[in-house]
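Engineer: Following this message is one structure expressed as structure tokens.
The values are calculated or read from the model by the stated rules, or taken from the named source; none is laboratory data. Quantities reported herein were computed from a predicted structural model and do not represent experimental measurements. These area figures cover heavy atoms from the full protein model, side chains too; ligands, DNA and RNA do not enter into them. Shrake-Rupley method; radii C 1.70, N 1.55, O 1.52, S 1.80 Å.
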Amino acid sequence: MSGDGPTGDRLRVGLLLCDHLDPGPAAVAGDYTELYPAAFAPHGLDIRIYEATAGELPADLDECDAWMTSGSRRSAYEDEGWIHDVRDLIARLAEERRPHAGICFGHQLTALALGGDVERADVGWGVGGRTFDVVAPAPWMDDVDRFTILMSHRDQVTRMPDGAELVATADYCPVGAYRLDDHVFCVQGHPEFVPGLSATLMEMRREVIGPEVVDAGLASLAPPAPELDQDRVAGWIARFYRQALDRS
């Protein structure tokens with residue numbers, strides 16, 4: 001499924017990069033600086049990286065056609081200067097109705113920036129492949145009832161921003177994806193992850209996550225587990241951008 005529009009024109013997407021992988025995980029398939037372009041280039045998106053943790057943010061929002069906030073090992077509610085700066089930028093993107101997608105930490109930070117809530121989940125970590133039910137498909141999604149995506153988180157959105165619509169849910173993670181009109185689309189999962197990276201991160205964090213959760217997460221990556229929808233979700237994000245830009 002391609003995210004290219006009718007003309008095939010490529011879009012420049014500004015990635016607010018909120019973390020880097022440690023050398024061990026990065027050896028699997030590259031750092032986030034390689035993973036995001038690899039996931040989204042097939043859908044017509046050219047990723048321009050802004051090192052948000054180092055204070056690098058756009059001088060002008062017209063530098064890119066659309067925007068994305070990445071995952072991070074940090075928590076969206078932490079009192080860090082760069083987190084506040086990215087949060088303020090997300091609020092500005094929404095105010096100006098610039099197309100913006102949030103991934104994991106970005107999904108959570110967007111909720112906070114727009115008036116929602118994020119908390120440490122009582123259920124603990126969500127790792128490996130997890131399946132979400134689609135409860136309100138967005139116009140840019142294809143016709144599926146559920147999708148499976150790689151996860152790595154222990155914080156969750158507990159209240160969406162006012163006016164947001166729930167797109168996908170799971171028992172362990174009620175807010176799996178949400179949208180706000182046609183200019184915000186956020187997902188808790190990681191479309192840029194590959195299975196080997198997911199497995200490596202789980203093994204590295206086995207004591208922190210808990211062995212039973214890690215073992216279940218590893219099992220979710222092997223048959224007969226559901227096929228992963230990494231590319232499908234990446235395509236949704238690309239189509240979201242194009243539809244938002246077509247309406248602007």
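Engineer: Accessible area of the chain with a 1.4 Å probe: how many percent of it is carbon plus sulfur? Don't jump to the answer; show the numbers that get you there.
Structural biologist: Numbers: 4890 of 10430 Å².
With neighbouring chains kept in place, the figure for the chain is 47 percent.
Engineer: Mind listing the Cα extents of region 137-223 along all three principal axes, in Å, largest one first?
Structural biologist: 40, 26, 21
Engineer: Another question, then. Which value, in Å², gives the accessible area per residue of the chain when a 1.4 Å probe is used on the protein heavy atoms? Don't jump to the answer; show the numbers that get you there.
Structural biologist: Details: 10430 Å² over 248 residues.
For the chain, the solvent-accessible area averages 42 Å² per residue.
Engineer: Let me ask another. Tell me, what is a quarter of the convex hull surface for the C-alpha atoms of the chain, in nm² with one decimal?
Structural biologist: With the hull built on Cα positions only, its mean projection is 12.3 nm².
Engineer: Follow-up question, since we're still on this one. How long are the three semi-axes of the equivalent ellipsoid of region 1-131, in whole Å, if each is the root of 5 times an eigenvalue of the C-alpha gyration tensor, listed from largest down?
Structural biologist: 23, 20, 15
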